[in-house]
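What follows is a single structure, written as structure tokens, with notes after it.
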Amino acid sequence: MTDADQRRLYRLNIAKWDMEKAVELLEAAARHQPTSIEFEALVTSGIIHYVRPFSLNERGKEASADARVPPEVIDCLSCDERALHARLLDRRNKAIAHSEWNEFPVGMDPETKVLRSRRYSVYPEFLDVGPLVALARKLRERLHNMVADHVFRLP
């Protein structure tokens, strides 16, 4: 196995476990009321685990694993699933892992100097976690198969 093959295999395996955790967290969220802190915490954490494989991870030429999964991981997704996938990446990057002003707008009344603000919440945007669970399950299976294919090709 070449070093490049090994780095890819390691990233795919790490991603498989991240997707497994995303499935567990999102399934657990479905057992809570959407307005509860437990629901928000579980969905937020599930989104973080879901997006990890598609984010830059390892950096540098000496890294033991690729920085992210290869793009063909999502080749199996339908148009609707790709749209949800893109939305999850966007929510993680703009509202969950970072605090962009558009997601946490703040304003001030010039007369009273009272600040008003709004914070981002996964509720009501992800009120129904069913599609998230289905997507994470599908990619978990895809990653599992990609890891198995790499392993079976080993000499």
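The values are calculated or read from the model by the stated rules, or taken from the named source; none is laboratory data. Computed from a prediction, not measured in an experiment: that's the story for all the values here. Here Cβ is always computed from backbone atoms with ideal geometry, including for glycine, and neighbour counts include all displayed protein chains.
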Residue list for segment 108-155, restricted to those being hydrophobic (A, V, I, L, M, F, W, C), in contact with a helix residue (DSSP H, G or I) (Cβ under 9 Å, 6 or more places away or on another chain) and not in a loop (DSSP other than H, G, I, E, B): 122, 132, 133, 134, 135, 136, 139, 143, 146, 147, 151
Subset of segment 9-55 [touching a residue at least 12 places away in the same chain (Cβ under 8 Å), of a type in the set (Lys, Arg) and either more than 18 Å from residue 147 (Cα to Cα) or surrounded by fewer than 19 Cβ atoms within 10 Å (Cβ to Cβ) (or both)]: 21
Hits in segment 101-129 (condition: under 23 Å from the mean Cα position of the chain (by Cα) and surrounded by fewer than 11 Cβ atoms within 10 Å (Cβ to Cβ)): 101, 102, 119, 124, 128
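State all residues of segment 56-83 that are loosely packed, with under 15 Cβ neighbours inside 10 Å and either touching a Ser or Thr at 6+ places or on another chain (Cβ under 8 Å) or not in a helix (DSSP H, G or I) (or both); if no residue qualifies, say none. It would help to see each step written out before you state the result.
Filtering segment 56-83 down to residues loosely packed, with under 15 Cβ neighbours inside 10 Å leaves 56, 59-64, 67, 70-72, 75-76, 78-80, 82-83.
Across segment 56-83, the qualifying residues are 56, 59, 60, 61, 62, 63, 64, 67, 70, 75, 76, 78.
On the given criteria, is residue 89 out of contact with any Gly (no Cβ under 6 Å at 6 or more places or on another chain), in a helix (DSSP H, G or I) and either closer than 18 Å to residue 146 by Cα or at pLDDT below 95 (or both)? Working first, answer last.
Details: out of contact with any Gly (no Cβ under 6 Å at 6 or more places or on another chain): yes; in a helix (DSSP H, G or I): yes; either closer than 18 Å to residue 146 by Cα or at pLDDT below 95 (or both): no.
Here the answer is no, as residue 89 does not meet what is asked.
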Of the criteria (1) in contact with a Lys or Arg (Cβ under 7 Å, 6 or more places away or on another chain); (2) closer than 18 Å to residue 142 by Cα, which one residue 9 fails: (1)
Matching residues in segment 56-89 - criterion: being under 16 Å from residue 3 (Cβ atoms), aliphatic (A, V, I, L, M) and either without any contact (Cβ under 8 Å) to a residue 40 or more places away in the chain or touching an Asp or Glu at 6+ places or on another chain (Cβ under 6 Å) (or both): 65, 67
Qualifying residues in segment 1-54 (those that are polar (S, T, N, Q) and not in a loop (DSSP other than H, G, I, E, B)) - the one farthest from residue 91 (Cα to Cα): 6
Near pairs, Cβ below 8 angstrom, 6+ apart or cross-chain, from segment 113-141 (modelled with pLDDT under 95) to any residue that is charged (D, E, K, R) and exposed (fewer than 13 other Cβ atoms within 10 Å of the Cβ): 116/109
Boolean, residue 92 is farther than 28 Å from residue 18 by Cα and either charged (D, E, K, R) or within 17 Å of the chain's Cα centre (by Cα) (or both): no
